[in-house]
Amino acid sequence: MIKVAPSILAGDFSRMGETVQACDNAGADWIHVDVMDGQFVPPITFGHQMVEAIRPYTDLPLDVHLMVEQPEKQIAFFQQAGADCLSVHVEASAHLHRTVAAIKEAGMKAGIVLNPGTPAYAAEPVLADVDYVLQMTVNPGFGGQSFIPGALANIKKLRAMIDERQLPVDIQVDGGINPTTAQQCVQAGATILVAGSAVFKEADLAKAIAQIRGQ
Ligand code: DX5
Ligand code: ZN
């Protein structure tokens, strides 16, 4: 089962509640929430208050992608705000194993994120402890960038590691995902597709989501 997670980074910031509701009505599976701190990546977006604000507008899982230094400091804030899934970059986490355990103890699904320049084996030590691995298919920080084809090799390596160990771990991809690149990622082994501009540039969100899902 392939899941599609629209990224609200490409949505209208002045009416995020309605945006999330529209994604829900259009058949989204998860809502992807991009948190940037101006340190790990240059832009600053929003923090746990955004999750709190949109929480009443949908029952879909809120999937928070933390592009922040010291992500362990954010766990309690996002749990209290109503996040369901929390992912942290391996490049930003000095104590990755402890951070993953803390996310799970807080009752959320735990994800780890790999930048395009990070080897797939960086996921290996915690692979059995996570619910999903997010393979970035652009360098994080901005929506609307072009898909990096070299990331497909990492997806294949992650898929092989997960299947070899028979782990119930999803592979999420994020960045430059459109119907064409989505299909390439699914063929390589991805199961959760994040898409920002490819969803919100279409007037018909349901059609955009279905096309990304490959329907
Ligand atoms: C990039 C973010 C993505 C971004 C994707 O740093 O993590 O989630 O919103 O945007 P598109 O789909 O436009 O590449
Ligand atoms: Zn993201």
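The values are calculated or read from the model by the stated rules, or taken from the named source; none is laboratory data. Because the structure is a prediction, the values reported are computed rather than measured. As a convention, Cβ positions derive from the backbone with ideal geometry for all residues, glycine included, and neighbour counts pool all protein chains shown. Heavy atoms of the whole protein, side chains included, go into the accessibility calculation; ligands, DNA and RNA do not. Shrake-Rupley method; radii C 1.70, N 1.55, O 1.52, S 1.80 Å.
In the range 104-115, is there at least one residue being in contact with a Gly (Cβ under 9 Å, 6 or more places away or on another chain) and at pLDDT 95 or above? If you could, list the steps in order and put the result at the bottom.
Pass one, the range 104-115, residues in contact with a Gly (Cβ under 9 Å, 6 or more places away or on another chain): none.
Scanning the range 104-115 turns up no residue that is in contact with a Gly (Cβ under 9 Å, 6 or more places away or on another chain) and at pLDDT 95 or above.
Mind checking which residues of the range 97-140 are among the aromatic types (Phe, Trp, Tyr) and either within 13 Å of ligand 2 (Cβ to nearest atom) or in contact (Cβ under 8 Å) with a residue 60 or more places away in the chain (or both)? Write out each step before concluding.
The first filter runs over the range 97-140 and keeps only residues among the aromatic types (Phe, Trp, Tyr), leaving 121, 132.
Residue satisfying the conditions is 132 alone.
From the list 187, 211, 172, which residue is buried (at least 19 other Cβ atoms within 10 Å of the Cβ), polar (S, T, N, Q) and more than 27 Å from residue 42 (Cβ to Cβ)?
Numbers: 187 fails: buried (at least 19 other Cβ atoms within 10 Å of the Cβ); 172 fails: more than 27 Å from residue 42 (Cβ to Cβ).
Matching residue, one of 187, 211, 172: 211.
For the condition within 15 Å of residue 31 (Cβ to Cβ) and either assigned to a loop (DSSP other than H, G, I, E, B) or of a type outside the set (A, V, I, L, M, F, W, C) (or both), what is the one hit in 172, 184?
172
Quickly run through the range 136-169 and pick out the residues that are among the small types (Gly, Ala, Ser), part of a loop (DSSP other than H, G, I, E, B) and either closer than 25 Å to residue 202 by Cβ or within 15 Å of the chain's Cα centre (by Cα) (or both).
Answer for the range 136-169, where residues must be among the small types (Gly, Ala, Ser), part of a loop (DSSP other than H, G, I, E, B) and either closer than 25 Å to residue 202 by Cβ or within 15 Å of the chain's Cα centre (by Cα) (or both): 141, 143, 144, 146.
Any residue in the range 58-74 that is closer than 23 Å to residue 177 by Cα, open to solvent by 10 Å² or more (accessible area, probe 1.4 Å) and over 16 Å from the mean Cα position of the chain (by Cα)?
Checked the range 58-74: no residue is closer than 23 Å to residue 177 by Cα, open to solvent by 10 Å² or more (accessible area, probe 1.4 Å) and over 16 Å from the mean Cα position of the chain (by Cα).
Mind checking whether some residue in the range 146-162 is within 13 Å of ligand 2 (Cβ to nearest atom), in contact (Cβ under 8 Å) with a residue 40 or more places away in the chain and in contact with an Asp or Glu (Cβ under 8 Å, 6 or more places away or on another chain)?
The initial filter retains those residues of the range 146-162 that are within 13 Å of ligand 2 (Cβ to nearest atom), namely none.
No, that holds for no residue.
Could you check how many residues of the range 192-215 are assigned to a loop (DSSP other than H, G, I, E, B) and either more than 16 Å from ligand 2 (Cβ to nearest atom) or over 18 Å from residue 135 (Cβ atoms) (or both)? Steps first, please.
Within the range 192-215, the first condition is being assigned to a loop (DSSP other than H, G, I, E, B), and the residues that meet it are 196, 201-204, 214-215.
Remaining after also requiring either more than 16 Å from ligand 2 (Cβ to nearest atom) or over 18 Å from residue 135 (Cβ atoms) (or both): 201-204, 214-215.
Summing the residues that are assigned to a loop (DSSP other than H, G, I, E, B) and either more than 16 Å from ligand 2 (Cβ to nearest atom) or over 18 Å from residue 135 (Cβ atoms) (or both) in the range 192-215 gives 6.
With respect to the numbered conditions (1) closer than 13 Å to residue 116 by Cα; (2) open to solvent by less than 20 Å² (accessible area, probe 1.4 Å); (3) more than 8 Å from ligand 1 (Cβ to nearest atom), which one is the sole condition not fulfilled by residue 162?
(1)
Considering only residues of the range 128-140 that are near ligand 1 (Cβ under 8 Å from one of its atoms) and within 22 Å of residue 99 (Cα to Cα), which is most open to solvent (accessible area, probe 1.4 Å)?
140
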